[in-house]
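Student: Take a look at this one; I'll ask things after.
Only the coordinates and a few stated rules stand behind these numbers; no lab work does. If you're wondering where the values come from, they're calculated on a predicted model, not measured in any experiment. Please note: Cβ atoms are built from the backbone with ideal geometry, for glycine as well, and neighbour counts cover all protein chains shown.
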Amino acid sequence: MNKCKYWVFVAALFAISSCNSEYDVQQNTENTAIDKVSLSVDDYVFDDDTRTALEYTGSKISFAWSEDEVIGIFPIKPTTNAQAYQRLERKEESGTSSTFDGAGWALMRGHTYAAYYPYQNLLNSVSYESIPVNMNEQRQNGNSNIQHIGDKYDYMYAVCDVPATGNVNFRFNHVASIAVLQLTMPKAATWRMLTLVNSESKSVFVRKGNMNVVTGEVTATVKAPDIQLALDNIKTTAADEVLTLFMSVLPTTTGDMLLTVTDDEGVVYTASVSTYSFEAGKAYRIKASPVVVENNSYMGLNNGYEYVDLGLKSGLKWATMNIGAVTAVDRGTYFAWGETEGYDEMDESNLMNYTTTGNYTKTQFSWATYKFCMGYENSLTKYCGDYDCGYNEYIDDEENESAIEVLEAIDDVATMRWQGTWRMPTHKEFQELVNECYWVWTDEYMDDFVSGYIVYRAKNSADKGVVVSSNKTPSSAYTMADSHIFLPITYCRNGKSLRTLPARGCYWSSSLNNSFCNAAWALSIIDGDGPEANYSMYRYYGFSVRPVCE
C-alpha cells in the first residue's frame, strides 16, 4: 500500500510485470527493450507556497510505494485500448525505488500511455476518462497518523510518451489536496468524528466522481455540504492538547465552514473556519479551538452514525440519513421488508462497477425474489398468521393463528448493518414522528434541489403535528440551524424499475400489517397530502429505511 511518510521523496522506480490486456502493452523484444521505468511524484506543497515542515516532524508530506504496489495503465496513442496493470517488482530498503530488468512485458516505444494510482480492478470497458474516485468513509487511526490517506485516498495520474531510446518516466500528479487539521481540544476525551460543513449548507464537497487519468480532472457524481473523517483510537488526556487530523479533499472552494468534532458520548464541539480554495497537490493547515455547542445538545453519534433528538415523548433518536446513503439527501439502498440485502441507488449511474463494489445485490423486487415466500403472494414462510397467505408449517403461531408482528433483529436491516442500538422504527414510532414534529416541505434542501420534508423538533405544543406544504409559508421561528432531520422523496422499486409516480417518499417500518400479512406498514410522504404513517404496501416492494436508536 501507499506509505504516507514525512521525508523528502526520492523518485520511485517501478518494475513492470504481467498485465491483463493484449492491446498496446507488448512482450519485450530486442528492439523494444526498456531498461528502467521510473515513477515520481512531488511532495504536497503547503498553501503558503513554501516547503516549510510540519511543526511536529520537521519534514514534508511525501509518499513511498511498497513492494507489489500496482498502477493502472491505459494505452492512449496511437490507439486507445483497455487498461493494463503494472506491478512493483523489487524495492530497495527505503521502499522508494525499484528497477525494471527488461523481462516480462514492456511498453511500446513511440506510444503514449496514461497511468493512475491506486489501481482498480474494473471491467475492461471502463474508460480512462471515468476511473471512480470516492472520498467517503475516511477514517484515521491514531493522532497524527496520515496512513489512511496513502492507503486509499491519494489518487494520482500521469501521462508519458515512451521515447525512441532511453528510459521511461511517469511523473505523477496528485488529484486531491490534504487538509491538515490542528485542533486544540478543550478537555480529555475520546474523539469519534470530525466534520467540515459549508455554513450555508451548499453542496461544495465532491464525495464521489470520475477521474480522467489524462487530465486529472474529476467529474462529480455525488456532492454534499459536508465531508467527514471517522476517528479511531484518538484521545486527549488533558485540556488544550492538540489533535492533528488529516483529510483528503478534492479541489473545491468551500465557502465559510463550520468544523465539528464529536466525542464518544455524542457531545458536539464546533469552531468556525474561513473559506478555503483547495487545489490539487497542495496541503492546507487549518487550526482551530472547538468549543462545546450549548444549544445543539440534541445531536450525537451511535456506533459512528449521527442521530438527532427531536424531543419525542418516547425519547427515540432519529438517524440523519437513510441506510446506504452518503448524505441526508440521498435515497440510499432499497430493501424489501425484512431483507438485509438490497439495491444501492448510489451506484445506479455506474452499472459496470456493480461486480467490484458489491452493492448490486438485488436485481428485482417481486414475489418471485422475496425472501420470505415460495415464489408467489400466498406462500409466505415467515411473519404470517393467516392460513390463506402461508403454508401450515410456516404459520408463526398455529394455535392462535397470529403472526410475529415486528421484525426480529436478524431481519432488521438497521440492526444488522449499523449495529449499536440502531433498528428500524415501528408503525407506532412513525406515527409519533408525524404527531410530535413540525413538518415543512421543501423542493431544494441543502441547495441540492432535492424535494422532501424537513422534520423539525417542535418548539411549542401548537407546532406539533403541523404540516406546511409547498404552497404555504413556514414559521420564521424555524431555520436550518434548528434540530431537524430531512426525509427526501425516495420513490420505490417494483420489479426492475424505479417507480417515480407519484413523487412519494416511502420508508419501511418494522411492523407487519397483521390484518393483511402480505403487507407491512410504512411511512409515506408527499407534498400536499403530508406524511402518512398508516401506509401499507406489499412486502416485496423496495423502500428506503431510516433507522432509529434509543
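Student: Ranked by Cβ crowding within 10 angstrom, fewest neighbours first, how are W418, W191 ordered? Walk me through the intermediate numbers first.
Tutor: Values: W418 20, W191 23.
The most exposed by this proxy come first: W418, W191.
Student: A follow-up question, please. So what are the ³J(HN,Hα) numbers for region 466-481, from phi and the Karplus equation (6.51, -1.76, 1.60; θ = phi - 60°), rounded to whole Hz, Gly and Pro as x?
Tutor: Running phi through 6.51 cos²θ - 1.76 cosθ + 1.60 with θ = phi - 60° gives 6, 10, 10, 7, 5, 8, 10, 9, x, 5, 5, 6, 10, 10, 5, 7 Hz.
Student: Also, I was wondering about something else. Counting other beta carbons within 10 Å of each residue's own, what order do E129, E200 fall into, fewest first?
Tutor: Details: E129 16, E200 13.
In increasing order of surrounding Cβ atoms, one gets E200, E129.
Student: Then there is this: State the Cα centre-to-centre distance between region 202-229 and region 137-167 in whole Å.
Tutor: That distance is 17 Å.
Student: For region 220-297, what does the convex hull of the Cα positions come to per residue, in cubic angstrom?
Tutor: Numbers: hull volume 10.0 nm³, N = 78.
Spread over its residues, the Cα hull of region 220-297 gives 129 Å³ apiece.
Student: Please arrange F543, F335, F486 by how many other C-beta atoms lie within 10 Å of their C-beta, fewest to most.
Tutor: Details: F543 29, F335 26, F486 20.
Least crowded to most crowded, the residues run F486, F335, F543.
Student: From the phi angles alone, apply the Karplus equation (6.51, -1.76, 1.60; θ = phi - 60°) to region 540-546 and give each ³J(HN,Hα) in whole Hz, x where the residue is Gly or Pro.
Tutor: Per-residue couplings from phi come out as 7, 4, x, 10, 7, 9, 10 Hz.
Student: Further question: Pop out the ³J(HN,Hα) list for region 299-313 in order, Karplus 6.51 cos²θ - 1.76 cosθ + 1.60 with θ = phi - 60°, rounded to Hz; leave Gly and Pro as x.
Tutor: Couplings: 9, x, 10, 10, 6, x, 10, 7, 10, 10, 8, 8, x, 6, 4 Hz.
Student: Here's something else I'd like to know. For region 177-297, what is the number of Lys pairs with C-alpha distance below 22 angstrom, counting only pairs 8 or more positions apart or on separate chains? Please list the in-between numbers first.
Tutor: Values: K187/K235; K187/K287; K202/K223; K208/K223; K208/K282; K223/K282; K235/K287.
Eligible lysine pairs with Cα atoms under 22 Å apart amount to 7.
Student: Show the residues, 5+ positions off or on another chain, whose built amide H is closer than 5 Å to the amide H of R499.
Tutor: Result for R499 returns C492, R493, N494.
Student: Determine, for each peptide in 372-385, 513-526, the mean count of other beta carbons within 10 angstrom over its residues, then list the peptides with the highest first. All intermediate terms of the calculation are to be shown ahead of the outcome.
Tutor: Working: 372-385: 18.1, 513-526: 21.0.
The most tightly packed comes first, giving 513-526, 372-385.
Student: Can you give the local net charge around P502? Use residues other than it whose beta-carbon is closer than 11 angstrom to its beta-carbon, Lys and Arg +1, Asp and Glu -1. Could the numbers behind the result be given before it?
Tutor: Working: positive: R499, R504; negative: D527, D529.
For residues surrounding P502, the net value is 0.
Student: Oh, and also: What are the principal axis extents of the Cα atoms in region 319-549, in Å, biggest first?
Tutor: Reported extents, whole Å, longest axis first: 58, 46, 35.
Student: Quick one: dipole size for region 114-239, taken about the Cα centre, charges +1 on Lys/Arg Cβ and -1 on Asp/Glu Cβ, in debye to the nearest 20. Walk me through the numbers before you get to the answer.
Tutor: On the way: 10 positive and 9 negative charges, 90 e Å.
Result for region 114-239 is approximately 440 debye, rounded to the nearest 20.
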